[in-house]
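Encoded as structure tokens, the structure appears first; notes follow it.
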Amino acid sequence: MVLILGAGESGVGAALLAGKLGLPVFVSDAGHISPELRQELIDAEIDFEEGGHEIAMELFPDKLVKSPGIPDTATVVQHFIEQGIRPEAEIEFAWNYCNGKVIAITGSNGKTTTTRLCTHLLLEGGLDVIQAGNVGNSFARALSEGAHSHYVLELSSFQLDGISNFRPDIAILLNVTPDHLDRYGYSMERYTASKFRIAMNLQPQDDFIVYAGDPVIRDYLAKHPQKGSCKLLQPELDSSGIVRIEGEPIANLSETCLRGRHNAVNAACAVFAARMCGLSDAVIQSGLKSFVNDPHRLEYLGQYMGIDFINDSKATNVDSVYWALDAMTRPVIWIAGGLDKGNDYEYIQTLVRTKVVALVCLGADNTKLAKAFEGKVGRILETSDMSAAVSAAMECARPGEVILLSPACASFDLFTNYMDRGDQFRGEFLKLNNPNATP
């Protein structure tokens with residue numbers, strides 16, 4: 001039988017796939033299963049328990065599938081490891097039953113944009129493709145709902161930690177910057193190795209697309225030769241929006257929603273993956289032009305009194321803010337702050353000095369953020385709700401400048417999540433243009 005630990009999207013997706021394959025399956029969750037997912041298990045006639053692993057601990061499964069949020073150190077996982085039963089990731093379980101071409105994408109930042117862009121390009125090229133993994137539905141759920149010729153998967157380091165044989169046809173590694181280090185014993189080396197697991201089973205006929213401008217990636221590659229066919233990309237973005245690699249123009253971003261050098265990297269990786277899937281450059285360029293990114297990722301909201309508003313609420317770490325500021329070509333009023341994750345602001349000091357004219361701190365406790373940039377910007381204002389933050393930003397802004405929400409922090413001190421934060425920012429912008437408007 002298949003025992004699945006965790007009944008979130010990943011675990012329930014694996015259960016649905018197992019059920020479709022006719023495999024006996026049991027789902028166990030230490031917490032409470034959401035009503036929607038519980039009903040899916042009931043409708044599929046899949047047995048489960050919640051609020052603990054009492055039944056699971058009595059089982060001796062043939063296969064143990066673990067949701068990515070459960071660490072190997074969890075008591076229930078250790079119980080099975082001691083019995084010689086190794087857990088596997090949902091993506092590994094699903095991959096065993098996949099007959100389509102798999103494009104797998106990881107990185108500390110930019111993986112959702114690149115996954116969505118790659119999927120869009122393949123769709124525009126007429127291919128039968130679906131995106132899954134860490135964005136949208138789980139890989140297993142996608143397979144349970146029907147077969148496709150191409151799968152584009154966003155994969156987190158947590159998902160990659162559970163693989164043994166997973167082997168994509170095309171793997172993409174965008175960057176490696178400090179994130180989730182608490183899961184890796186605060187070791188950057190262990191976190192980097194986790195990201196590189198995406199290529200651990202590649203063979204010479206498989207493609208590994210890598211951003212060679214990342215110093216962490218370069219250092220790792222120098223010490224760890226890869227078996228896959230490595231495509232080292234170092235794209236350059238000129239002032240007209242043309243992306244070049246070794247002098248060859250590969251994309252024009254001037255008429256797209258993709259801003260900044262980081263999106264030039266994302267686009268270059270997606271373009272090369274699309275080429276490897278047989279798409280022409282003309283079809284790819286058309287797809288780039290029609291692509292619409294998810295909200296909250298350098299999302300241009302519009303203009304009020306000559307001032308541009310950009311919503312980058314998804315920027316919950318310092319590296320993301322670096323690329324957001326790097327993409328700005330006009331003076332910035334920067335709205336930042338929230339639940340600090342151990343941020344080191346030294347990394348962005350130079351960009352802040354040269355691009356930011358005022359910092360509006362938005363958080364329950366702004367002490368660390370304000371102190372980090374004291375004397376580095378013309379004005380620092382402290383606020384504790386979005387309405388006050390936008391009002392403070394407007395007080396500082398002049399026509400031709402940009403009000404940029406790019407927080408560098410988690411949102412949970414004042415907001416439900418980063419989407420709530422970005423939606424409130426959009427709502428305040430709409431009110432400026434129409435006081436009676438609603439988000």
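Readers should treat all values here as calculations from the given coordinates under stated rules, not as data from a laboratory. Please read these numbers as outputs of a predicted model, since none were measured by experiment. So basically every Cβ, Gly included, is an ideal-geometry build from the backbone, and we count neighbours across all protein chains shown.
Database remark: amide H of GLN131 closer than 5 angstrom to the amide H of VAL152 (H placed geometrically; neighbours at sequence offset of 5 or more, or on other chains; Pro and chain starts carry no H). Looking at the range 299-433, I'd like the Rg to Rh ratio, where Rg is from alpha-carbon atoms and Rh is Kirkwood's inverse mean 1/r. Looking at the range 299-433, the ratio lands at 0.91. GNM on the chain, alpha-carbon springs under 10 angstrom: the most fluctuating residue among ALA264, ALA199, ALA370 is ALA370. The GluC sites (Glu not before Pro) of the range 31-116 meeting both criteria, a DSSP state outside H, G, I, E and B (loop) and at most 13 other C-beta atoms within 10 angstrom of the site's C-beta, are GLU45, GLU54.
Per-residue 3J(HN,Hα) values for the range 351-364, derived from phi via the Karplus relation 6.51 cos²θ - 1.76 cosθ + 1.60 with θ = phi - 60°, read 4, 5, 4, 8, 10, 9, 9, 7, 10, 9, 7, 10, x, 5 Hz in sequence order (x marks Gly and Pro). Rounded to the nearest 0.05, what FRET efficiency do LEU23 and LEU339 give with R0 = 60 Å and r taken as the Cβ-Cβ distance? Could you check? Result of the calculation: an efficiency of 0.90. Fully extending the segment from TYR97 to ASN165, taken as 0.36 nm per residue of separation minus the present Cα-Cα distance, adds 23.2 nm. At full extension, GLU236 and LEU181 could sit 16.8 nm farther apart than now, given 0.36 nm per residue minus the alpha carbon distance.
Pairs of alpha-carbon atoms within less than 8 angstrom and 6+ residues apart define the contacts here; what relative contact order does the range 93-290 have, in percent?
Details: 356 pairs, mean separation 45.7, N = 198.
About 23 percent, as a whole number.
For the range 6-113, just say rounded, prolate or oblate: build the C-alpha gyration tensor, square-root its eigenvalues into a ≥ b ≥ c, call rounded for a/c under 1.5, and beyond that prolate if a/b exceeds b/c, oblate if not. Could you put the intermediate results ahead of the total?
Numbers: a/c = 1.45, a/b = 1.26, b/c = 1.15.
It comes out rounded by the Cα gyration axes.
Starting from the Cα-Cα distance between SER280 and ILE55, subtract it from 0.36 nm times their residue separation and give me the gain in nm to one decimal. Walk me through the numbers before you get to the answer.
Working: separation 225, 0.36 × 225 = 81.00 nm, distance 5.39 nm.
Residue separation times 0.36 nm, minus the Cα-Cα distance, leaves 75.6 nm.
What number, in percent, do you get for the relative contact order of the range 38-168 if the mean sequence gap of Cα pairs under 8 Å and at least 6 apart is divided by its residue count? All intermediate terms of the calculation are to be shown ahead of the outcome.
Working: 164 pairs, mean separation 36.9, N = 131.
After rounding, I find 28 percent.
Just checking the listed ones, SER240, SER254, SER229: in the Gaussian network model of the chain with Cα springs under 10 Å, the one fluctuating most is SER240. Under a Gaussian network description of the chain, with springs only between Cα atoms under 10 Å, the residue in LEU369, LEU155, LEU301 that fluctuates furthest is LEU301. As a length-normalised measure over Cα pairs under 8 Å and 6 or more apart, the relative contact order of the chain settles at 11 percent.
Loop-located chymotrypsin sites (Phe, Trp or Tyr not before Pro) across the range 103-210 with a Cβ neighbour count of 12 or fewer within 10 Å are TYR186, with loop assigned by DSSP.
From its DSSP helices (H runs of at least four residues, each -39,500 (n - 2.57)), the chain gives a residue-normalised ellipticity at 222 nm of -10000 deg cm²/dmol. In this label model, ASP385 and THR75 are separated by 4.3 nm, measuring between points 7 Å along each Cα→Cβ vector. Distance from the alpha carbon centroid of the range 1-33 to that of the range 270-327 works out to 35 angstrom.
How big is the gap, in Å, between the Cα center of the range 382-439 and the Cα center of the range 333-355? Using only Cα atoms, the two centres lie 17 Å from each other.
Looking at the range 219-289, which GluC sites (Glu not before Pro) are DSSP coil and have at most 16 other C-beta atoms within 10 Å of their C-beta? Before the final figure, lay out each step's value.
Details: sites: GLU236, GLU246, GLU255; in loops: GLU246, GLU255.
Qualifying residues, ordered by number: GLU246, GLU255.
At an R0 of 35 angstrom, the distance between the Cβ atoms of MET188 and ARG244 translates into a FRET efficiency of 0.70.
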